[in-house]
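Visitor: Could you have a look at this structure, given as structure tokens, before my questions?
The values are calculated or read from the model by the stated rules, or taken from the named source; none is laboratory data. Just so it is clear, the model here is predicted, and its values are computed rather than measured. Here the Cβ positions follow ideal geometry from the backbone for every residue, glycine too, while neighbour counts run over all protein chains shown.
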Amino acid sequence: MSKILVIAEHRQGELRPVSLELIAAAQGLGGPITVAVIGANAQAFVPALSLPGVDEILTVASPFAEFNPEVQEAAVAALITELAPAVVLLGHTVDSLAYAAALAGKLGLGFASDVFKIECQGSDLVATRAAYSQKVNVEVDFPGKATVLLTVRPAVFKPAEGSASPATRSIAAPAVTTTSAPGEYIEIASGNDIDITTVDFILSVGRGVGEEANIQQFRDLAETAGATLCCSRPIADSGWLPKSRQVGQSGKVASNCGLYLAMGISGAIQHLAGMKHVGTIVAVNTDPEASIFSVAKYGIVGDMFEIGEALKEALEG
Amino acid sequence: MKILVAVKQVAALDEDFEIRADGLDVDEDFLLFDLNEWDDYSLEEAMKIKEASSGDVEVVVVSIGPERVDESLRKCLAKGADRALRVWDDAIEGSDSSVMARLLAAVVRKEAPDMVFAGVQSSDHAFAATGIGLAGELGWPHAAVVNALDYAPGARQASLKRELEGGVSQSVTLQCPAVLTIQLGINTPRYASLRGIKQANAKPIDVLGLGDLGVAASTVGVDASLSRVRRMYIPPKGRAQMIEGSPDQQAARLVEIIREFKGA
């Protein structure tokens, strides 16, 4: 495998964990690895990125401390032109969603997003992604493409570890006239509500709950069971539970949870991002093909209302 | 003043589906088609802007696909879109999102809207690439994963929030016209009224071919795409251990699991 370019991510002064996962993915491909980090304070991330297998770290100085899609796109385009890498790895993250497809289109790169497996089959680079609510996997390749840009699903590759002393080089980002100005960060206020990242037992409800009036049954069940009631995205979007109770990529990660009872949750990848690490996951769903069963330890194919009622009685009895 | 909303008719899988003989996709007999969930939100956002404006705002929906896509476009017209465009040519079959972006860019050049919305992603293939690919083709300002928007029709600037990971949003101002990819939850999409459904039948769906858009056949299709499907397969089943029996028996086992956890 020839040259691999990894684009590290950071936000509010912190390196984002996906950066180390991308380095791990690059290590698996076995070619020389260049890691680039873009921003006004790019230098600050050099120690954390000095990992075994990394040949060079490029700090790309831009006028902005934080991510700006136009600066990022121009900087990565310049790096691709200079380095002519065979593979460019980005996280499949909100930041990448703001520029990766535009960049791939403009430069005519091979492109696939949200990939979770990358391998070389003979001389072909093959990436695997999912389709139709994770029910099928799709292998794609990139005939005739000298450079392939992949956005890699977070929390799949185990973060690279260790330390090394790669060469470092500083360059300036290309000058860009920006048309957008990213501003302040706004955290979802949990107010006086419980911080779900701290709790160890979660009962979580999803779209299967059907309507707002049905939430009460699970509020009662959670109380009886001693669990914290949480939810997947559609329930919070509908306002049936506060946004601070939403588990998933755009909500909160159930960081300290040991038992997660998912009822009526099909298991969209964005939801799994917030809970698939939990030690004991129990899923109740009417659809035996629901992807939640692929991360659950125990599964029940059944009606969440019926099971919920029986469980409450059994806990009380 | 015009807002263009790019929508997609997506496929969900029937319970017992089969992969096609060529191994590249699911057999179409097992696909259930509907309007992409994200597109309900982008259309609603356009309708809200239209309804809040004292001026004349036209909402145009555009989709790429064969005749069956008209059903999804009718749904958008029933919710209040003024007219619909459908782009199709058999040569487009098998195209990836970069080709869709190229075709939509041709539509944007023809229609000259003041603002373009697309969903963050589609629920079937979920590349999350078409909207921002379109912005790249046009060289327009863009923002991805927008979950709040403040925009007056025809304004030179919009204020918005983009939804980041971990319960954080970021405020952004950007120049217009722009391409925005719209996230779930930005609003509460309406249902079509009976009156709307009736009116939708009288609204036009114009079909555009490659010639109408000035797009060469050699720039669409699988050969013009940035990736190619090698094979599609059903992944090995997950590790969930199924709890069988009556609901009472299943509940009894759940109680054991809960007590075991609490005792630990």
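Visitor: Being in contact with a Leu (Cβ under 6 Å, 6 or more places away or on another chain), aliphatic (A, V, I, L, M) and free of Cβ contacts under 8 Å to residues at least 24 places away in the same chain narrows it down to one residue among A:Val136, A:Val94, A:Val115; which is it?
Guide: Only one candidate qualifies: A:Val94.
Visitor: If you don't mind, there's one more thing I want to ask. Which of the residues belonging to the range B:87-115 are within 11 Å of another protein chain (Cβ to nearest Cβ) and not acidic (Asp, Glu)?
Guide: Listed by number, the residues that qualify are B:Ser97, B:Ser98, B:Val99, B:Met100, B:Ala101, B:Arg102, B:Ala105.
Visitor: In contact with a Pro (Cβ under 9 Å, 6 or more places away or on another chain), of a type in the set (A, V, I, L, M, F, W, C), more than 7 Å from chain B (Cβ to nearest Cβ) and closer than 24 Å to A:Ala77 by Cα: does that describe A:Ala173?
Guide: The answer is yes for A:Ala173.
Visitor: Another question about this same structure. If B:Glu51 passes every condition in (1) in contact with an Asp or Glu (Cβ under 8 Å, 6 or more places away or on another chain); (2) farther than 26 Å from B:Arg228 by Cβ but one, which one does it miss?
Guide: (1)
Per-residue answers, yes or no, for (1) over 21 Å from the mean Cα position of the chain (by Cα); (2) without any contact (Cβ under 8 Å) to a residue 40 or more places away in the chain:
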residue: A:Ile188; (1), (2): no, no
residue: A:Asn192; (1), (2): yes, yes
residue: A:Phe218; (1), (2): yes, no
residue: A:Thr224; (1), (2): yes, no
residue: A:Pro242; (1), (2): yes, no
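Visitor: For B:Gly119, indicate whether it is within 20 Å of B:Val10 (Cβ to Cβ) and out of contact with any Leu (no Cβ under 6 Å at 6 or more places or on another chain).
Guide: yes
Visitor: Follow-up. What's the total number of residues in the range B:163-182 that are within 7 Å of chain A (Cβ to nearest Cβ) and either of a type in the set (A, V, I, L, M, F, W, C) or crowded, with 20+ Cβ neighbours inside 10 Å (or both)?
Guide: 9
Visitor: For the range A:298-305, check the following and say yes or no: at least one residue is of a type in the set (Phe, Trp, Tyr), surrounded by fewer than 23 Cβ atoms within 10 Å (Cβ to Cβ), in a loop (DSSP other than H, G, I, E, B) and at pLDDT 95 or above.
Guide: The answer is no, given that none of the residues of the range A:298-305 is of a type in the set (Phe, Trp, Tyr), surrounded by fewer than 23 Cβ atoms within 10 Å (Cβ to Cβ), in a loop (DSSP other than H, G, I, E, B) and at pLDDT 95 or above.
Visitor: Looking at the range A:24-44 only, could you name the residues that are surrounded by 22 or more Cβ atoms within 10 Å (Cβ to Cβ) and either assigned to a helix (DSSP H, G or I) or outside the structural domain of A:Ala160 (by the TED database) (or both)?
Guide: Hits for the range A:24-44 are A:Ala25, A:Ala26, A:Ala42.
Visitor: Could you list, in sequence order, all residues of the range B:1-33 that are within 13 Å of chain A (Cβ to nearest Cβ) and closer than 30 Å to B:Leu138 by Cβ?
Guide: Of everything in the range B:1-33, those that are within 13 Å of chain A (Cβ to nearest Cβ) and closer than 30 Å to B:Leu138 by Cβ turn out to be B:Val10, B:Ala11, B:Asp25, B:Phe33.
Visitor: Just give me the residues in the range B:50-84 being of a type in the set (Lys, Arg), in contact with a Leu (Cβ under 8 Å, 6 or more places away or on another chain) and closer than 17 Å to B:Lys2 by Cα, in sequence order.
Guide: Hits for the range B:50-84 are B:Lys79, B:Arg83.
Visitor: Looking only at the range A:252-271, which residues are under 21 Å from A:Val136 (Cα atoms), among the aliphatic types (A, V, I, L, M) and more than 11 Å from chain B (Cβ to nearest Cβ)?
Guide: Within the range A:252-271, just A:Ile265 meets the criteria.
Visitor: Sticking with this structure for a sec: Report every pair of residues separated by at least 6 positions or lying on different chains whose Cβ atoms are under 7 Å apart, first residue within the range B:60-72 and without any contact (Cβ under 8 Å) to a residue 24 or more places away in the chain, second among the aromatic types (Phe, Trp, Tyr) and in a loop (DSSP other than H, G, I, E, B).
Guide: Correct list of pairs: B:Pro66/B:Trp88.
Visitor: Before we move on, is A:Gly226 among the small types (Gly, Ala, Ser), assigned by the TED database to the domain that holds A:Leu311, buried (at least 21 other Cβ atoms within 10 Å of the Cβ) and more than 30 Å from B:Ala224 (Cβ to Cβ)?
Guide: no
Visitor: Moving on to the next point. Identify the residue in the range A:277-296 that is of a type outside the set (Val, Ile, Thr) and buried (at least 18 other Cβ atoms within 10 Å of the Cβ) and, among all such residues, is nearest to A:Ile202 (Cα to Cα).
Guide: Among residues in the range A:277-296 that are of a type outside the set (Val, Ile, Thr) and buried (at least 18 other Cβ atoms within 10 Å of the Cβ), the one nearest to A:Ile202 (Cα to Cα) is A:Ala283.
Visitor: Pairs only if they're at least six apart or on different chains, beta carbon under 8 angstrom, first in the range B:224-251 and more than 7 Å from every other protein chain (Cβ to nearest Cβ), second acidic (Asp, Glu); list them, first residue then second.
Guide: Filtered contacts from the range B:224-251: B:Ser225/B:Asp96.
Visitor: Testing B:Phe127 on (1) in contact with a Phe, Trp or Tyr (Cβ under 9 Å, 6 or more places away or on another chain); (2) facing chain A (nearest Cβ under 10 Å); (3) hydrophobic (A, V, I, L, M, F, W, C); (4) in contact (Cβ under 8 Å) with a residue 60 or more places away in the chain, one condition comes back false. Which one is that?
Guide: (4)
Visitor: What's the number of the condition A:Gln249 fails, among (1) part of a helix (DSSP H, G or I); (2) within 9 Å of chain B (Cβ to nearest Cβ); (3) touching a residue at least 24 places away in the same chain (Cβ under 8 Å)?
Guide: Here A:Gln249 clears every test but (1).
Visitor: Do you know which residues across the range B:204-223 are within 11 Å of another protein chain (Cβ to nearest Cβ) and either of a type in the set (A, V, I, L, M, F, W, C) or in contact with a Ser or Thr (Cβ under 8 Å, 6 or more places away or on another chain) (or both)?
Guide: Passing the criteria: only B:Val222.
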